[in-house]
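J.: This structure is in structure tokens; I'll ask about it shortly.
The values are calculated or read from the model by the stated rules, or taken from the named source; none is laboratory data. These figures come from a predicted structure and were not determined experimentally. When we count neighbours, we look across all protein chains shown, and the Cβ atoms used for this are built from the backbone with ideal geometry, even at glycine. Remember, those area values only see protein heavy atoms, side chains included, never the ligands or the DNA or RNA. Shrake-Rupley method; radii C 1.70, N 1.55, O 1.52, S 1.80 Å.
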Amino acid sequence: MDNDGGGSSSGNEQYTSGDAKQNGKRTCHRHTPQQIQILEAYFKECPHPDETQRRQLCQELKLEADQIKFWFQNKRTQSKTQDERSTNILLRGENEALQSENEAMLDALRNVICPACGGPPFGREGREHNLQLLRFENARLKENRDRLSNFVNNHMPNEPTVGDSLAYVPSHQIFDGISYGINGSNRYEPSSSYGPQPSQIIQPRPLSETDISLLSEIAASAVEELKRLFLTEEQFWVKSCIDGTYVIDTESYEKFSHAVKHFSSTTAHVESSKDVTVVPIEAINLVEMFLDSEKWKELFPTIVNKAKTIHVLGSGLPIRENCNVLQVIWEQLHILSPLVPAREFMIVRCCQEIEKGLWIIADVSHRPNFDFVNNAACYKRPSGCLIQALPNAHSKVMWIEHVEVDHKLDTHKIYRDLVSGGSGYGAKRWIITLERMCERMALSSIRTLPPSDWSDVISTGEARRSVMKLGERIVKNFNEMLTMSGKVDFPQQSKNGVRVSIRMNNEAGQPPGIVVSASSSLSIPLTPLQVFVFLQNLDTRQQWDILSYGTVVNEIARIATGSSETNCLTILRVHPMQEENNDKLVAEDSSKDDILMLQDCYMDALGGMIVYAPMDMATMDFAVSDEVDPSHIPILPSGFIISSDGRRSTVEDGGTLLTVAFQILVSGNAPRSREVNEKSVDTVSSLISSTVQRIKGLLNCPQC
């Protein structure tokens with residue numbers, strides 16, 4: 001029998017307590033098949049039910065609380081044992097292979113000589129130092145190569161370019177032996193801000209008729225499947241017993257789709273969800289944004305980290321004149337924290353106007369060989385949305401997400417429940433983000449100063465729009481930094497709960513030089529709304545924010561970015577403090593040493609974000625000017641991502657997962673990159689650790 005609660009190893013039997021136990025006997029009560037079926041279904045969605053959920057199960061199944069509690073304990077033990085057994089088998093095989101490789105490498109190292117002088121090789125310390133220098137040099141050369149390619153491509157768009165002769169096509173952009181050009185061309189244009197590191201050099205070539213036919217068939221099949229999922233709810237959708245959301249019934253789906261599982265790992269699982277909303281934007285405008293990869297990123301800045309249109313099939317006419325569009329798109333999705341792995345997809349996207357004022361947009365993975373995408377642990381089954389035009393320039397959007405994932409072991413344990421459920425990459429997150437961004441776009445289109453805003457420094461509608469664009473850049477830059485991939489990393493810092501990464505920064509709109517990024521994530525036993533309100537409180541900010549130590553922080557401008565008061569863009573002024581004769585601290589009258597911060601924040605049903613970027617007075621003057629393009633203003637944002645822990649359906653109850661992330665310019669001189677060492681990394685790591693400790697202390701949860 002199992003020791004963790006008195007049930008059998010299968011979880012199908014349960015023992016009672018009371019008089020029987022007092023007499024030294026225990027009575028066995030076997031659950032009915034119906035009870036076991038319900039418990040098994042519930043366990044798949046929620047292996048750790050709380051007291052309220054267990055009480056509901058007691059009422060539904062007519063079982064005692066201890067029986068429910070012990071059944072779940074035994075089931076978790078059984079499931080853990082099975083997973084560990086399978087994982088151990090896989091790891092044992094990998095370990096044996098690694099040992100063989102290690103022995104071969106050691107043999108090679110024993111015989112290696114220095115090619116320059118024929119002497120002995122570097123020692124361990126010498127190799128590490130030399131490797132670090134090579135990493136920085138490699139990053140610098142790649143940046144120079146990309147910058148040169150972009151310059152030549154922009155100034156000589158119709159000529160053979162450096163991008164053609166030296167360009168790489170990342171392996172995730174090649175499938176069926178084909179490399180897809182942009183908008184039907186056979187030329188790939190590299191960009192320093194796009195995609196993972198290059199892994200293959202190849203000359204791109206146009207699509208053949210066979211390729212076009214194959215893509216068309218894949219898209220047509222995805223559209224038909226998505227129509228059926230949208231229009232036949234009762235047949236394919238069941239209500240989750242955990243949070244009341246709808247998920248695809250696996251048995252019904254497999255009968256009609258004949259879907260093939262793409263992952264055989266025991267950790268692989270399928271995520272499905274749907275949601276619906278009405279947003280204040282014309283349907284045709286929304287469709288156009290979905291079919292433009294740059295606007296697609298702008299519409300979902302907290303989900304879509306990178307996206308690139310690889311190929312476009314169709315007449316080339318605008319979507320208003322073309323009711324059938326087919327695209328091949330590469331996208332990288334990422335949410336919440338560096339502890340959550342990004343998801344990469346090479347998808348076929350098809351848009352059809354199935355009737356007047358009703359569009360369907362279907363996405364489906366197209367990856368005959370998993371090597372074409374760096375992250376081969378995701379496969380998108382037919383997913384997408386139905387967009388219906390409504391009166392008064394509004395649109396109804398229905399959304400379905402259906403994905404196969406093998407990311408469970410890669411996701412940190414504090415985010416595992418959240419990401420595996422509907423609150424991760426599910427339809428609800430896409431819909432809530434769409435609602436928030438449509439509200440923001442509607443407010444940013446106002447050309448005057450609305451009564452909901454107030455400011456001491458913003459005087460015109462154009463200046464207001466300029467500041468809002470800069471706020472959008474801050475959010476975009478912050479979310480891109482959170483992936484912390486493709487850079488020089490320091491994994492040893494992760495032992496302290498801090499992820500640190502270094503990059504050579506030469507991108508326009510950011511300070512040039514060496515930038516150290518650091519982040520830490522933690523669980524807090526308070527609601528997301530409570531944490532959000534605390535971090536927005538200017539009275540206590542000086543106690544945790546290094547930029548505000550010993551200062552007074554005032555708000556000098558506020559721009560509404562949504563219907564909720566929590567969604568706003570603010571300009572903060574940080575006044576240095578001085579001491580009076582009576583030992584009281586007051587703000588100095590002079591503003592010459594003031595620091596200004598542009599802060600963008602929001603709160604929605606899944607969590608929120610507070611992102612801020614420090615600026616001097618001169619830079620802020622440019623930001624509020626309607627004569628300067630905000631894309632040229634250098635920013636380096638830091639901030640917080642606040643999320644529910646996935647165990648409750650709203651931000652007003654349950655616990656919080658908090659990610660703190662900083663970006664710091666270590667050296668403004670790029671050639672000095674070799675001087676950046678572990679001391680700089682340790683300094684930044686200590687800074688973020690001390691900030692986290694102060695926040696936990698102020699929230700009265702030092703042990704969390």
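J.: Could you list all residues from region 376-401 that are within 19 Å of the chain's Cα centre (by Cα) and modelled with pLDDT of 90 or more?
T.: Within region 376-401, 380, 383, 384, 399, 400, 401 meet the criteria.
J.: Among what's in region 222-272 and is within 27 Å of the chain's Cα centre (by Cα) and polar (S, T, N, Q), pick the residue that is modelled with the highest pLDDT.
T.: The selected residue is 272.
J.: Do we find that residue 79 is under 26 Å from residue 265 (Cβ atoms) and touching a residue at least 40 places away in the same chain (Cβ under 8 Å) in this structure?
T.: Against the criterion (under 26 Å from residue 265 (Cβ atoms) and touching a residue at least 40 places away in the same chain (Cβ under 8 Å)), residue 79 does not qualify.
J.: Sticking with this one: Being crowded, with 17+ Cβ neighbours inside 10 Å, within 17 Å of the chain's Cα centre (by Cα) and modelled with pLDDT of 90 or more is the requirement here; does residue 307 meet it?
T.: Numbers: crowded, with 17+ Cβ neighbours inside 10 Å: yes; within 17 Å of the chain's Cα centre (by Cα): yes; modelled with pLDDT of 90 or more: yes.
The answer is yes for residue 307.
J.: Kindly indicate the residue of region 425-464 that is in contact with a helix residue (DSSP H, G or I) (Cβ under 6 Å, 6 or more places away or on another chain) and touching a residue at least 24 places away in the same chain (Cβ under 8 Å) and also farthest from residue 397 (Cα to Cα) among those meeting that condition.
T.: That would be 458.
J.: Which condition number does residue 336 fail, the rest of (1) buried (at least 16 other Cβ atoms within 10 Å of the Cβ); (2) closer than 23 Å to residue 477 by Cβ; (3) modelled with pLDDT of 90 or more being met?
T.: (3)
J.: Against the condition out of contact with any strand residue (DSSP E or B) (no Cβ under 9 Å at 6 or more places or on another chain), under 24 Å from residue 654 (Cβ atoms) and among the acidic types (Asp, Glu), how does residue 51 come out, does it pass?
T.: Values: out of contact with any strand residue (DSSP E or B) (no Cβ under 9 Å at 6 or more places or on another chain): yes; under 24 Å from residue 654 (Cβ atoms): yes; among the acidic types (Asp, Glu): yes.
It is true that residue 51 is out of contact with any strand residue (DSSP E or B) (no Cβ under 9 Å at 6 or more places or on another chain), under 24 Å from residue 654 (Cβ atoms) and among the acidic types (Asp, Glu).
J.: Oh, and also: Could you say whether any residue in region 477-492 is among the charged types (D, E, K, R) and either modelled with pLDDT of 85 or more or open to solvent by less than 20 Å² (accessible area, probe 1.4 Å) (or both)?
T.: Our first condition is that a residue be among the charged types (D, E, K, R); within region 477-492, this holds for 480, 487, 489.
Okay, now just the ones that are also either modelled with pLDDT of 85 or more or open to solvent by less than 20 Å² (accessible area, probe 1.4 Å) (or both), so 480.
Taking every residue of region 477-492 in turn, at least one turns out to be among the charged types (D, E, K, R) and either modelled with pLDDT of 85 or more or open to solvent by less than 20 Å² (accessible area, probe 1.4 Å) (or both).
J.: Kindly indicate the residue of region 630-652 that is touching a Lys or Arg at 6+ places or on another chain (Cβ under 9 Å) and at pLDDT below 90 and also nearest to residue 695 (Cα to Cα) among those meeting that condition. Outline the logic, then answer.
T.: Going residue by residue through region 630-652, those that are touching a Lys or Arg at 6+ places or on another chain (Cβ under 9 Å) are 630-631, 633, 635, 637, 646.
Of the ones still in play, those that are also at pLDDT below 90 are 630-631, 633, 635, 646.
Values: 630: 32, 631: 33, 633: 31, 635: 25, 646: 22 Å.
Applying the filter and picking the extreme gives 646.
J.: Among the numbered criteria (1) modelled with pLDDT under 90; (2) open to solvent by less than 10 Å² (accessible area, probe 1.4 Å), which one does residue 607 miss?
T.: Evaluating residue 607 over (1) modelled with pLDDT under 90; (2) open to solvent by less than 10 Å² (accessible area, probe 1.4 Å) leaves (1) as the failure.
J.: Still on this model: Return the pairs, sorted by first residue and then second, in which the second residue is aliphatic (A, V, I, L, M), the first residue lies in region 378-391 and is on the phi > 0 side of the Ramachandran plot, the beta carbons are less than 9 Å apart, and the residues are 6+ apart or on different chains.
T.: Going by the 9 Å Cβ cut-off, the qualifying pairs are 384/222; 384/223; 384/226; 384/360; 384/361; 384/362; 384/364; 384/400.
J.: Just to be sure, is residue 552 part of a strand (DSSP E or B) and touching a His at 6+ places or on another chain (Cβ under 9 Å)?
T.: Yes.
J.: Between residues in region 40-56 that are more than 12 Å from residue 72 (Cβ to Cβ) and residues that are of a type in the set (S, T, N, Q) and surrounded by 13 or more Cβ atoms within 10 Å (Cβ to Cβ), which pairs lie under 7 Å by C-beta distance while being six or more apart or on different chains?
T.: That search, which allows pairs on different chains as well, returns 45/240.
J.: Would you say residue 37 is in contact with a helix residue (DSSP H, G or I) (Cβ under 9 Å, 6 or more places away or on another chain), closer than 28 Å to residue 406 by Cβ and either outside any helix (DSSP H, G or I) or of a type in the set (S, T, N, Q) (or both)?
T.: No; evaluated as a whole, the condition is false for this residue.
J.: Still on this structure, please answer the following. Residue 668 versus (1) open to solvent by less than 50 Å² (accessible area, probe 1.4 Å); (2) in contact with a strand residue (DSSP E or B) (Cβ under 8 Å, 6 or more places away or on another chain); (3) at pLDDT below 80: which is the lone unmet condition?
T.: Going through (1) open to solvent by less than 50 Å² (accessible area, probe 1.4 Å); (2) in contact with a strand residue (DSSP E or B) (Cβ under 8 Å, 6 or more places away or on another chain); (3) at pLDDT below 80 one by one, residue 668 breaks only (1).
J.: Taking only pairs six or more apart or across chains, which ones have beta-carbon atoms under 6 Å, a first residue in region 548-559 that is open to solvent by 40 Å² or more (accessible area, probe 1.4 Å), and a second residue that is β-branched (Val, Ile, Thr)?
T.: Taking only residues 6 or more apart or on different chains, the pairs are 555/570; 558/570.
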